[in-house]
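*Asks:* I'd like to ask some things about the structure below.
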Amino acid sequence: MRFFLTNMLLSAFFILSAFFMSTANAVPVLFSDRATFEAAVSNLEREGFEGNDGPLSPDDFELFSAVKSTTTGGGMIYSSLASQGTRSMGFQSVGQPTSAIITFSGSINAFGVDILDWATSSGNVAAVKDYFLRIENNTGSLDETLATTTTGVTNPNPLIFFGVIDSVGFNSITIEANTSSDTVGLDELVFSSPVPEPSAMLLFILALIPLLKIRNS
């Protein structure tokens, strides 16, 4: 009997260990196509920034806030740049790396946004320096360079969709650009909260059930 219980506990331990190791080693899944991203995520919250104008306040939204990393060039604004409708959320990068920091009221595991008109100051003209566009989250699981331009070359793709699904969960996204006197628009922002994972005790009990059935048969 003692041998059986020892084996049962060891089996349950290995089952739980495999589960937690798979969760810890999960890699974020990145998307560059909105339709594919939205087909992979359920219960999306959506913000299109319509019906707003002028400066943006951090408490304008119920489920998230947005601030700019520097005061140079003003703060976050409602911009006429838009992928849908007539408005987006914008921030101006003035010759130095500048970020929009989006903080959510709770943990999320999926985020998507259209990024408009970056590196196209004064129209879609050739870049006067090497520009970059980066995105990261607060847990460190996401740190990506989305796009770059080269001095003297016109930006070929001023509209970018970026989406990420991350099973670990995060509550903040930072979007950084180093363009010169250029407003970057963020539109059709979508996000989803993670489905609650079963507790360790529940997983332990579930792991024991088939073993007990085998013992009693």
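*Asks:* Write out, first by first residue and then by second, each pair whose Cβ atoms fall under 8 Å of each other, whose residues are 6+ apart or on separate chains, and whose first residue, in region 29-51, is on the phi > 0 side of the Ramachandran plot while the second is loosely packed, with under 14 Cβ neighbours inside 10 Å.
*Replies:* That search, which allows pairs on different chains as well, returns F49/G85.
*Asks:* Any chance you could count how many residues in region 166-187 are at pLDDT 85 or above, touching a Ser or Thr at 6+ places or on another chain (Cβ under 6 Å) and either surrounded by fewer than 19 Cβ atoms within 10 Å (Cβ to Cβ) or not in a strand (DSSP E or B) (or both)?
*Replies:* Total satisfying the criteria: 5.
*Asks:* Still on this structure: How many of the residues making up region 27-39 are surrounded by 14 or more Cβ atoms within 10 Å (Cβ to Cβ) and modelled with pLDDT of 95 or more?
*Replies:* Summing the residues that are surrounded by 14 or more Cβ atoms within 10 Å (Cβ to Cβ) and modelled with pLDDT of 95 or more in region 27-39 gives 5.
*Asks:* Something else now. Output the residue which, of all residues in region 108-141 that are within 15 Å of S79 (Cβ to Cβ) and part of a strand (DSSP E or B), is modelled with the lowest pLDDT.
*Replies:* The selected residue is L116.
*Asks:* Give, as residue ranges, the strands (runs of 3 or more DSSP E) completely inside region 37-107 that count at least 1 residues that are among the aromatic types (F, W, Y).
*Replies:* Output list reads 64-68, 77-79, 88-93.
The values are calculated or read from the model by the stated rules, or taken from the named source; none is laboratory data. Remember, it's a predicted structure, so these values are computed and weren't measured experimentally. Cβ atoms come from the backbone with ideal geometry, glycine included; neighbour counts cover every protein chain shown.
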